[in-house]
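Derivation of every value follows stated rules applied to the coordinates shown; laboratory data play no part. All of these numbers come straight from a predicted model, not from anything done at the bench. Quick reminder, even Gly has a Cβ in these numbers, built from the backbone with ideal geometry, and neighbours come from all protein chains shown.
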Amino acid sequence: MKKMNNAKTSDLVGTKCVSLMEMLNLLPRETGLPFDIFVSEKVYSAINCPSLKVYDRSRSSTVSISTPISVLAGRPLTVCKWKALKGYIDLNRDALLKLWNDEISQMEYCVLQKPIGQKK
């Protein structure tokens, strides 16, 4: 996680969760993805369907969590990065949807999420 001023940071089972505003910021070392993702809850999102934001250098996208997974806004990812993101969403869809629907906290998501390429 990126450390930012005035952000609340908690260590939980070896994962740092940063709660900044209403979005959970997950870094590549935590997800196994080659880019940062930001996940918000439904009540704080301007988009009406379950989604997350992807930040990859100069590209940013909003991507649906529900099937079919698709780019809702922004620039598409490369094929390799798109496959990795789809794999992450498929692997973590239940927990992502629980977070989206405010059924679990951001810290609970940090514990439940499974990084790509690792079994947790």
For the range 62-78, Karplus couplings with θ = phi - 60° (6.51, -1.76, 1.60), whole Hz, Gly/Pro x
10, 10, 6, 8, 5, 7, x, 5, 8, 7, 8, 7, x, 8, x, 8, 5
Calculate one ³J(HN,Hα) per residue across the range 84-97 by plugging θ = phi - 60° into the Karplus curve 6.51 cos²θ - 1.76 cosθ + 1.60, and present them in order as whole Hz with x for glycine and proline.
5, 5, 4, x, 5, 5, 4, 5, 10, 3, 4, 5, 4, 5
Anything over 18 Å Cα to Cα? Flag those among 86/114; 42/86; 42/83; 42/98, in the order listed.
42/86; 42/83
Around residue 24, which amide H atoms from residues at least 5 apart in sequence, or from another chain, sit under 5 Å from its own amide H, with H modelled in the peptide plane?
39, 40
With θ set to phi - 60° and the Karplus curve 6.51 cos²θ - 1.76 cosθ + 1.60, what are the ³J(HN,Hα) couplings of the range 105-111 in order, to the nearest whole Hz, using x for Gly and Pro?
8, 4, 5, 5, 4, 4, 6
Binned Cα-Cα distances of the range 29-120, short to long, each 10 Å bin given as a whole percent:
17, 54, 27, 1
In nm, the gap between the two label points placed 7 Å beyond Cα toward Cβ at residue 42 and residue 22 is 1.3 nm
Taking amide H positions as placed in the peptide plane 1.01 Å from N, state which residues far from residue 33 in sequence (5 or more) or on other chains have amide H under 5 Å from it.
116
